[in-house]
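Trainee: Below is the structure I would like to discuss, written out as structure tokens.
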């Protein structure tokens, strides 16, 4: 993850997304990664902004939908 964090810091130029102010292909490709405040603080901020962006909202599952999917996927009751 450190190299992804470095790439984000360099390409975002202290803005919200990899391309700056707007979501691009790299943002979409990186939609699901493991993030940590200690190792990827910029990516964690990016994930918050990405998930809240109006272009993503129709495609992101709700917490309930995600939990239902996870339970089915891993056969958890």
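The values are calculated or read from the model by the stated rules, or taken from the named source; none is laboratory data. Being a predicted model, the structure only gives us computed values, none of them experimental. Counting neighbours? That spans all protein chains shown, and the Cβs are built from the backbone with ideal geometry, glycine included.
Trainee: Report the residue count in the range 55-64 for those that are within 25 Å of residue 25 (Cβ to Cβ) and outside any loop (DSSP other than H, G, I, E, B).
Mentor: 0
Trainee: Do you know which of the residues in the range 39-54 that are more than 18 Å from residue 10 (Cα to Cα) and either assigned to a helix (DSSP H, G or I) or over 13 Å from the mean Cα position of the chain (by Cα) (or both) is modelled with the lowest pLDDT?
Mentor: Filtering the range 39-54 down to residues more than 18 Å from residue 10 (Cα to Cα) leaves 48, 51-54.
Subset that is either assigned to a helix (DSSP H, G or I) or over 13 Å from the mean Cα position of the chain (by Cα) (or both): 48, 51-52, 54.
On the way: 48: 81, 51: 78, 52: 83, 54: 85.
Applying the filter and picking the extreme gives 51.
Trainee: Which residue out of 57, 71 is over 15 Å from the mean Cα position of the chain (by Cα), farther than 20 Å from residue 5 by Cβ, loosely packed, with under 13 Cβ neighbours inside 10 Å and modelled with pLDDT of 75 or more? Let's see the steps before the verdict.
Mentor: On the way: 57 fails: over 15 Å from the mean Cα position of the chain (by Cα).
Every option except 71 fails the conditions.
Trainee: Return the pair list, or none, for Cβ contacts closer than 8 Å from residues in the range 16-28 that are in contact (Cβ under 8 Å) with a residue 24 or more places away in the chain to residues that are part of a strand (DSSP E or B) and surrounded by 14 or more Cβ atoms within 10 Å (Cβ to Cβ), at least 6 apart or on different chains.
Mentor: Close Cβ pairs satisfying both conditions: 23/17.
Trainee: Select from the range 4-38 the residues that are loosely packed, with under 15 Cβ neighbours inside 10 Å, modelled with pLDDT of 75 or more and in a loop (DSSP other than H, G, I, E, B) and list them in ascending order.
Mentor: Scanning the range 4-38 gives 13, 14, 15, 21, 22, 24, 37, 38.
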